[in-house]
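The structure under discussion appears below in the form of structure tokens.
FYI, it's all coordinate maths here, none of it is from the lab. As the structure is a prediction and not an experimental result, all values here were calculated from the model. Here the Cβ positions follow ideal geometry from the backbone for every residue, glycine too, while neighbour counts run over all protein chains shown.
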Amino acid sequence: MSSHSKLFLAGIITAGLLAAPAFAFDFGRPATPDEIKLWDIDVGPDGKGLPDGSGTAVQGKQVFSDYCAACHGENGQGGIKDRLAGGQGTLASNMPVKTVGSFWPYATTLFDYIHRGMPYPTPGSLSTDETYAVTAYILSLNGIVPADGKVDKDSLPKIRMPNRDGFVPDPEFDPARLFHKK
Amino acid sequence: MTLKTPIEMLSRPANMSRRGFVGGLSAGILGVAATEAANAESLADVPDRGPGAELGAHSERSRFVKIDRIPEATPGKRNVDPGDAINSKTPHQKLVGNITPTDLHYERSHSGVPDIDPAQHRLLIHGMVQKPLVFSVDDLKRMPSISRVVFIECTGNGWENWKKADPELTVQNTHGLVSTNEWTGVPLKFLIDLVAKDKGSTWMLAEGGDGAGVDRSIPLTDEIVNEAFVAYGQNGEPLRPAHGFPMRLVMPGFEGNLNIKWLRRLKFGNAPWMTRWETARYTQLHADGKARQFQLRMDTNSVITKPSGMMQIQPGYVSISGLAWSGHGKIARVEISTDGAKSWQQAQLSLPVLPKAQVRFQMDWVWDGRPTTIVSRSKDDQGNVQPDRKSFIAAMGTNALFHYNAQQSWSIDEAGRVRNVLA
């Protein structure tokens with residue numbers, strides 16, 4: 001580096017210090033790894049964030065009956081809230097029926113949503129294994145896992161949902177193209 | 001025609017004679033509540049002046065003003081029990097100006113309105129950052145702040161009219177899921193610098209502290225990084241609980257659902273998380289059965305709010321007024337047709353016209369008493385034009401549920417009754 005550019009750099013640093021005093025770093029406090037773990041609940045489509053544990057559709061049938069059926073119906077249909085099963089083949093009709101089986105593109109999203117938001121009156125009250133179990137049961141209602149099937153953090157992201165290819169990204173915010181240099 | 005009629009006069013009750021009205025004026029817009037007004041035919045009938053009520057700690061609306069949001073559910077389901085409502089709509093037919101009163105800003109919640117003690121609220125920012133940090137509300141309030149007037153619009157705004165037009169609907173029913181407030185808070189860019197975000201992070205997850213833990217993936221485009229902010233102020237006061245107290249994300253021009261309320265976590269990553277709301281919920285099903293995903297920007301839109309659905313007009317002068325907005329930028333022009341979209345005239349815009357904010361428009365009209373249809377269309381400064389219904393439906397189908405921005409038509413029959421129609 002030439003002495004000229006060294007001088008130039010020193011000028012920038014000085015100006016920078018004057019323009020941005022130390023207050024910029026006085027806000028908030030460091031987050032500890034343990035407390036981050038408490039809130040870091042999101043699950044990605046690649047399975048990142050899924051916890052250890054597992055559950056079977058058979059176990060899930062009971063969990064569903066205890067905590068979900070009152071709103072979603074005994075078999076995920078006919079309840080007062082969102083229908084969870086059936087509807088496959090209706091998306092291009094005049095009366096599309098959007099359910100986990102007919103519409104949801106990722107099985108990981110199902111675990112994430114149950115885990116964060118369900119059961120509606122007491123979100124977060126199901127154990128990890130119960131959440132896996134009820135996830136397996138809802139998938140089994142849609143024929144996506146067998147009636148005696150089991151899901152865990154390894155198998156869930158590998159499930160290919162029937163409507164996986166049913167989504168077309170908006171051209172402006174297409175994740176596959178947005179931040180890639182043309 | 002440049003004749004101007006005060007709004008008050010337009011509220012003349014239907015059963016009142018025109019005698020005593022300003023000479024030459026022969027028209028009015030008769031709102032549904034107009035008959036509640038007491039008669040004051042002569043100035044002698046106007047009540048005497050006298051001492052009024054004591055001064056208060058805050059001011060209430062006049063007892064003569066009946067103005068409320070309406071809690072509603074999905075299209076076609078209304079007059080629902082508040083416990084079954086999923087949104088609550090702004091009464092645009094009763095509002096004037098550009099700014100929505102704070103308590104009438106539309107509300108959409110996915111698990112009710114949490115009762116959050118700000119002293120116990122925390123914002124965690126982590127993920128692909130050098131310094132994961134926890135902030136209190138006070139921390140945010142000590143930071144440099146910005147204030148900005150922007151619209152927020154639920155993507156369900158307009159969803160009543162995808163398949164058919166119920167003639168009984170008011171503009172509150174059809175377009176009550178958009179509002180404009182001034183929001184105050186900390187630029188996202190400032191927070192990004194505090195935590196020292198990794199350059200490789202291109203997406204951000206924003207998560208709310210409501211029961212549903214609503215979360216959305218947000219692409220960190222230059223526009224979003226430069227314009228998004230974490231707000232704690234709304235029209236000059238702390239956020240109302242229904243609108244995210246004590247802090248929310250504000251994303252000017254983008255889907256209402258991205259403006260995460262009760263914000264408690266921002267996580268930086270490099271791909272979308274595919275949350276329930278960006279897959280199963282806020283995606284738009286097209287006629288071929290494929291769904292448009294990440295249609296994050298709210299498009300160019302406008303609606304005539306006066307006269308609008310369920311109002312009644314009389315022949316003569318009518319002041320047409322409404323609101324226009326665009327998630328792309330500023331409204332450049334609003335045009336109104338009073339002959340069913342055959343010919344168009346330019347409306348006046350009420351200054352200031354701000355980017356990504358609603359703007360009031362107005363146009364003078366003389367109704368000749370013959371049945372017709374009135375409709376508005378807007379154009380923004382990026383050249384986007386609000387589509388007519390026919391071409392909009394041709395492109396989107398009728399199953400999309402969200403992102404309805406077709407031109408809104410109101411028919412007027414020979415009796416002056418204004419009704420919701422498709423075109």
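Calculate one ³J(HN,Hα) per residue across the stretch B:107-116 by plugging θ = phi - 60° into the Karplus curve 6.51 cos²θ - 1.76 cosθ + 1.60, and present them in order as whole Hz with x for glycine and proline.
Here the 3J(HN,Hα) series is 10, 9, 10, 9, 7, x, 10, x, 9, 9 Hz.
Give the average, rounded to an integer, of partner chain Cβ atoms located within 10 angstrom of each Cβ in A:103-112.
The mean count of partner-chain Cβ atoms within 10 Å per residue comes to 4.
For chain A, what does the relative contact order come out to in percent, with C-alpha contacts under 8 Å and a separation of six or more? Spell out each step's value before the answer.
On the way: 250 pairs, mean separation 46.4, N = 182.
Here the relative contact order equals 26 percent.
Whole-Hz ³J(HN,Hα) for each residue in the stretch B:200-207, computed from phi via Karplus 6.51 cos²θ - 1.76 cosθ + 1.60 with θ = phi - 60°, x for glycine and proline: what do you get?
x, 7, 10, 10, 10, 9, 10, 10
Once you have a ≥ b ≥ c as the square roots of the Cα gyration tensor eigenvalues for the stretch B:340-423, tell me rounded if a/c is under 1.5, and otherwise prolate or oblate according to whether a/b is larger than b/c.
oblate
Dipole size in debye (nearest 20) for the stretch B:107-237 around its Cα centre, Lys and Arg Cβ +1, Asp and Glu Cβ -1?
About 420 debye.
Could you give the length gained on full extension between B:Asp103 and B:Asp81, defined as 0.36 nm per residue of separation minus the Cα-Cα distance, in nm? Walk me through the intermediate numbers first.
On the way: separation 22, 0.36 × 22 = 7.92 nm, distance 1.96 nm.
Gain on extension, B:Asp103 to B:Asp81, equals 6.0 nm.
Tell me, what ³J(HN,Hα) does each residue in the stretch A:58-69 have, in order and in whole Hz, if you take phi through Karplus 6.51 cos²θ - 1.76 cosθ + 1.60 with θ = phi - 60° and put x for Gly and Pro?
With the stated coefficients, the stretch A:58-69 comes to 5, 4, x, 4, 5, 4, 4, 4, 6, 10, 10, 4 Hz.
Multiplying the sequence separation of A:Asp46 and A:Asp174 by 0.36 nm and subtracting their Cα-Cα distance, what value in nm do you get?
44.3 nm
Looking at the square roots a ≥ b ≥ c of the eigenvalues of the Cα gyration tensor of the stretch B:239-313, which shape do they give, rounded for a/c under 1.5, prolate if a/b is larger than b/c, or oblate?
Working: a/c = 2.73, a/b = 1.29, b/c = 2.12.
Oblate shape, in that a/c is at least 1.5 and b/c is the bigger or equal ratio.
Per 0.36 nm of contour for each residue apart, how much would the distance between B:Arg142 and B:Asp413 grow if the chain were fully extended, relative to their Cα-Cα spacing?
Value of the extension gain: 91.8 nm.
Before anything else, pin down the relative contact order of the stretch B:103-287: Cα pairs under 8 Å, at least 6 apart, normalised by residue count, whole percent.
That works out to 29 percent.
Please find the FRET efficiency linking A:Lys81 to B:Asp166, where r is the Cβ-Cβ separation and R0 is fixed at 30 Å, and quote it to the nearest 0.05.
0.80
Which one, B:Gly211, B:Phe245, B:Ala287, is farthest towards the positive end of the dipole of the protein assembly as shown when Lys and Arg carry +1 and Asp and Glu -1 on their Cβ?
Sorting the options by dipole projection puts first B:Ala287.
Listing B:Lys356, A:Lys61, B:Lys141 from the residue with the fewest other Cβ atoms within 10 Å to the one with the most, what is the order?
Working: B:Lys356 25, A:Lys61 20, B:Lys141 17.
Placing the least packed residue first, the sequence is B:Lys141, A:Lys61, B:Lys356.
Neighbour counts of other C-beta atoms within 10 Å: give me B:Ser42, B:Ser302 arranged from fewest to most.
B:Ser42, B:Ser302
Got the relative contact order for chain B handy, in percent, Cα pairs under 8 Å and 6 or more residues apart?
Computed value for chain B: 17 percent relative contact order.
Among the listed pairs B:Lys189/B:Lys379; A:Lys48/B:Lys141; A:Lys48/B:Lys77; B:Lys89/B:Lys356; B:Lys189/B:Lys356; B:Lys261/B:Lys379, which have their C-alpha atoms separated by more than 28 angstrom in this model? Before the final figure, lay out the partial values.
Working: B:Lys189/B:Lys379 30 Å; A:Lys48/B:Lys141 34 Å; A:Lys48/B:Lys77 39 Å; B:Lys89/B:Lys356 20 Å; B:Lys189/B:Lys356 19 Å; B:Lys261/B:Lys379 30 Å.
Over 28 Å Cα-Cα: B:Lys189/B:Lys379; A:Lys48/B:Lys141; A:Lys48/B:Lys77; B:Lys261/B:Lys379.
Please give, to one decimal in nm, the separation of the simple spin-label points placed at B:Asn226 and B:Thr398, each 7 Å out from Cα toward the Cβ.
Placing both labels 7 Å beyond Cα along the Cβ direction yields 4.2 nm.
Would you mind classifying chain A by shape? Square roots of the alpha carbon gyration tensor eigenvalues, ordered a ≥ b ≥ c; an a/c under 1.5 is rounded, otherwise it is prolate if a/b is larger than b/c and oblate if not.
Details: a/c = 3.03, a/b = 2.05, b/c = 1.48.
Here chain A falls in the prolate category.
What is the dipole size for the stretch A:31-167, taken about its Cα centre, with +1 at each Lys and Arg Cβ and -1 at each Asp and Glu Cβ, in debye to the nearest 20?
On the way: 12 positive and 16 negative charges, 106 e Å.
Its charge dipole is roughly 520 debye.
Taking neighbour Cβ counts within 10 Å as the exposure measure, how do B:Glu54, A:Glu35 sort from fewest upward?
Fewest-to-most Cβ neighbours within 10 Å comes out as B:Glu54, A:Glu35.
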